[in-house]
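Inspection log for the structure reproduced underneath, given as structure tokens.
The values are calculated or read from the model by the stated rules, or taken from the named source; none is laboratory data. Owing to the predicted nature of the structure, the values given are computational and were not obtained by experimental measurement. Every residue, glycine among them, receives a Cβ derived from its backbone with ideal geometry; neighbour counts consider all protein chains shown. Note: accessible area is taken over every heavy atom of the protein model, side chains too, but ligands, DNA and RNA are not part of it. Shrake-Rupley method; radii C 1.70, N 1.55, O 1.52, S 1.80 Å.
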Amino acid sequence: MHSTLESLTPNLAALSLGLVLMLPACSPAPSADGKTRTTQASASQGGVAAAPQVAGTAALPPAVEAVGRHAEDAYDVAKAGTWTTARVIVDSLKRAVSTLPAAAQSAVAPSGALHAEVATLDQAVTDRNHVRAERAANHITALGAQMAAQYLAPVPANVVLLDYYGRELEIWSTANDRTKLRDTALAMSRTWGAVRPQVIARGGNAEATRFDALVSRAEGASTVAAYARLATPVLDEVDRLEAVFTR
């Protein structure tokens with residue numbers, strides 16, 4: 001089965017993660033020097049809709065948390081080519097999806113996208129196809145953020161999306177696709193602009209400063225190599241952003 005979308009393509013605008021808050025076409029994003037600039041990163045450029053800045057009040061269902069966790073693990077083992085472990089993880093992912101509350105499943109847009117991506121990942125692992133497995137697994141992490149956004153999750157959904165974008169930088173650097181890398185950088189900037197105030201409010205000034213600098217570098221990148229060099233630092237800094245909300 002072909003993936004329902006090739007990650008950050010124009011079709012991602014239609015998927016848009018179904019999250020409640022759509023930022024305006026131009027949104028202010030802080031630069032590394034603390035100044036505000038306007039960033040063009042609309043969904044039509046392949047951006048993912050930013051998550052609601054006010055989470056729901058219901059507790060995060062274990063199955064929703066498991067979907068995101070298993071999908072991220074599947075990405076890591078597919079990247080490493082550890083296919084036996086990948087099969088175990090995908091089977092766990094499928095069990096988690098089968099127990100999702102109806103309300104969580106209804107948050108995924110378009111309907112059926114999650115099941116289609118899980119099927120794609122399942123087949124990619126069977127085929128030992130790194131490229132398709134990584135893309136499908138990462139897309140499922142974004143769908144997991146879409147579902148988690150309606151609950152009271154420890155980490156804001158937009159921080160989860162920043163992790164997704166870090167992996168997208170890896171994916172599209174490997175594919176040597178500068179257009180998708182540019183779209184990824186712009187969408188990452190947009191999402192960061194939405195969640196940055198929450199990071200500051202939780203006392204993450206140092207973490208925010210470091211991520212400002214990474215966003216600035218991503219926006220200024222012009223070569224595949226420049227984007228590729230950002231992937232690992234972005235993923236490392238997202239870990240630190242997550243810690244701001246869990247410490």
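Distance between the C-alpha centers of region 67-110 and region 173-247? Whole Å please.
Computed from Cα coordinates, the inter-centre distance equals 24 Å.
Is any residue of region 142-158 close enough, with backbone N under 20 Å, to a label point placed 7 angstrom from the Cα of Ala109 along the Cα-Cβ axis, and if so, which?
142-152, 157-158
By accessible area of protein heavy atoms, probe 1.4 Å, what ranking do Thr141, Thr246 get, highest first? Let's see the in-between values first.
On the way: Thr141 5, Thr246 90 Å².
Per-residue accessible area, sorted high to low, gives Thr246, Thr141.
Return the ratio Rg/(2.2 N^0.38 Å) for region 61-129, where Rg is computed over Cα atoms only.
Details: Rg = 11.9 Å, N = 69, 2.2 N^0.38 = 11.0 Å.
Normalised by 2.2 N^0.38 Å, the Cα Rg of region 61-129 equals 1.08.
Just grab the label-to-label distance for Ala226 and Thr179, each label 7 Å out from Cα along the Cβ direction, in nm (one decimal).
Between Ala226 and Thr179, the label points sit 2.0 nm apart.
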